[in-house]
1. Among the residues of the range 1-14, write down those that are in contact with a Ser or Thr (Cβ under 9 Å, 6 or more places away or on another chain) and outside any loop (DSSP other than H, G, I, E, B).
2. Taking the range 59-78 on its own, how many of its residues are surrounded by fewer than 21 Cβ atoms within 10 Å (Cβ to Cβ) and not in a helix (DSSP H, G or I)?
3. Have a look at Ser129, Ser142 and point out the one that is surrounded by fewer than 12 Cβ atoms within 10 Å (Cβ to Cβ) and either of a type in the set (Gly, Ala, Ser) or closer than 30 Å to Arg31 by Cβ (or both).
4. Would the range 113-126 turn up any residue that is without any contact (Cβ under 8 Å) to a residue 40 or more places away in the chain and either of a type in the set (Val, Ile, Thr) or in contact with a Pro (Cβ under 9 Å, 6 or more places away or on another chain) (or both)?
5. With the requirement that a residue be modelled with pLDDT of 95 or more, crowded, with 16+ Cβ neighbours inside 10 Å and β-branched (Val, Ile, Thr), what does the range 150-180 give you?
6. Ala135 passes all but one of (1) surrounded by 14 or more Cβ atoms within 10 Å (Cβ to Cβ); (2) in contact with a helix residue (DSSP H, G or I) (Cβ under 9 Å, 6 or more places away or on another chain); (3) hydrophobic (A, V, I, L, M, F, W, C); (4) closer than 30 Å to Pro24 by Cβ; which number fails?
7. Please indicate, with yes or no, whether at least one residue in the range 130-138 is in a helix (DSSP H, G or I) and touching a Ser or Thr at 6+ places or on another chain (Cβ under 6 Å).
8. Out of all the residues in the range 139-156, which are farther than 16 Å from Leu66 by Cβ and assigned to a helix (DSSP H, G or I)?
Amino acid sequence: MARMPYIDPATAPERVRETLASTPVSLNIFRMMAHAESNLRSMLRLGGTILSKQQLSGHLRELAILRVAHLSCARYEWTQHVPIAESVGATAAQIAALEAGDITASCFDAREQLVLQFTDELVNDVRVSDPTFAAATREFSSREVVELILAVGYYMMIARLLETTGVDLEAPAGGAILESLRS
């Protein structure tokens, strides 16, 4: 149960109401985010660009997001992103391994394991180690490395919002959001 009330679009300030109306799906996370009305639109835009405009592959991005959700014990984030991960090529074995916390499982190739190791270090240590960073900059472009850092950071923030405010779990709608960003 949510620890704070959700913003009701019907009684929200006009800018918040318009922003919430522009989302492809009405989700509790958006109505909780709306408390920070001056940040809402920018937060949704940033999330949208992470999901649709990055050069980093969607598959690698979603593995990183699921890892963030697991490390953050963010069930809402996990539930919303499993279908997105599946839609960009994550296998059932990969999702099961991530849910079990096994980032070295044989279902992950070397690039995927590198992204997961990078994500772990970023979440747990703030600063990625020199060996992991060097491996990432050999394997990925500078743009992809920075996009990975931004994706992990954004979803860490979202996990903390979800868990601290107790956003109620909903049926997965991430696929609808991803589809709307593609059109």
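The values are calculated or read from the model by the stated rules, or taken from the named source; none is laboratory data. Note that the coordinates shown come from a computational prediction; the quantities given were computed from them, not determined experimentally. For neighbour counting, all protein chains shown are included, and Cβ atoms are generated from backbone atoms with ideal geometry for every residue, glycine included.
1. Pro9 - this is the single residue of the range 1-14 that is in contact with a Ser or Thr (Cβ under 9 Å, 6 or more places away or on another chain) and outside any loop (DSSP other than H, G, I, E, B).
2. Residues in the range 59-78 being surrounded by fewer than 21 Cβ atoms within 10 Å (Cβ to Cβ) and not in a helix (DSSP H, G or I): 2 in total.
3. Numbers: Ser129 fails: surrounded by fewer than 12 Cβ atoms within 10 Å (Cβ to Cβ).
Testing whether each residue is surrounded by fewer than 12 Cβ atoms within 10 Å (Cβ to Cβ) and either of a type in the set (Gly, Ala, Ser) or closer than 30 Å to Arg31 by Cβ (or both) leaves just Ser142.
4. Within the range 113-126 (the criterion being without any contact (Cβ under 8 Å) to a residue 40 or more places away in the chain and either of a type in the set (Val, Ile, Thr) or in contact with a Pro (Cβ under 9 Å, 6 or more places away or on another chain) (or both)), the answer is yes, since at least one residue qualifies.
5. Across the range 150-180, the qualifying residues are Val152, Ile158, Thr165, Val167.
6. For Ala135, the exception is condition (4).
7. Filtering the range 130-138 for residues in a helix (DSSP H, G or I) gives 130-138.
Of the ones still in play, those that are also touching a Ser or Thr at 6+ places or on another chain (Cβ under 6 Å) are none.
No, that holds for no residue.
8. So the first thing to find is which residues in the range 139-156 are farther than 16 Å from Leu66 by Cβ, and the list is 139-147, 149-150.
Passing the criteria: Glu139, Ser142, Arg143, Glu144, Val145, Val146, Glu147, Ile149, Leu150.
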